[in-house]
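Contents: one structure, followed by commentary.
Rule-based calculations on the coordinates, nothing more; no lab input. The structure displayed is predicted, hence computed values, not measured ones. Cβ placement follows ideal geometry from the backbone for every residue including glycine, while neighbour counts extend to all protein chains displayed.
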Amino acid sequence: MSPSKGPTVAARAVTKQESASGQPRILQPSGWPTPKGYANGMAAEGRLVVTGGIIGWDVHGHLADDFVGQTRQTLRNISAILTEGGARPEHLVRMTWYVVDVEEYLASLKPLGQIYREIFGTHYPAMALVQVVRLVEKAAKVEIEATAVVPH
């Protein structure tokens, strides 16, 4: 059997300070380009807080007409769930975004970044973006699942 010709990954050891802080640690393999607005991976220990697929309904069950407005409310809803679970934005370790139009997402990156930072600050967990044919709620343009780990 011949040796693997795949990429090699150098893992950085966790420092005592990082381990003691209980905060999630960004996993950034040596030599990889630094991602913008997300992390390649996260490591954390603690109590899980997991959302379902969250859309941008307000407290009255209404959705904004536009993608950016729906995303703003979706992120606010996730923030409220995190708070209810005793988590904060810096505890987020993963978000999966489902969008019905990836071109609409790409055209909205600047305002989406501003909204994200207003709600969650500059903590960027591991993220994935998936285009889907439609969401269960027909008028929804975005649905997001989030996972946070609250330190012990």
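Rounded to the nearest 500, what is the 222 nm mean residue ellipticity of the chain from helices alone, with -39500 (n - 2.57) per DSSP H run of 4+ residues and division by all residues?
Value at 222 nm, helices only, nearest 500: -8000 deg cm²/dmol.
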If I take R0 = 41 Å and measure r between the Cβ atoms of Leu135 and Gln28 in this structure, what FRET efficiency does the formula 1/(1 + (r/R0)^6) give, to the nearest 0.05? 0.80
Rounded if a/c is under 1.5, else prolate if a/b beats b/c, else oblate: with a ≥ b ≥ c from the C-alpha gyration tensor eigenvalues square-rooted, which is the chain? oblate
Highest-fluctuation residue, Gly41, Gly85, Gly61 considered, GNM on the chain with Cα pairs under 10 Å: Gly61
Part-to-part distance (alpha-carbon centres) for the range 34-63 and the range 84-152, which is given in Å: 5 Å
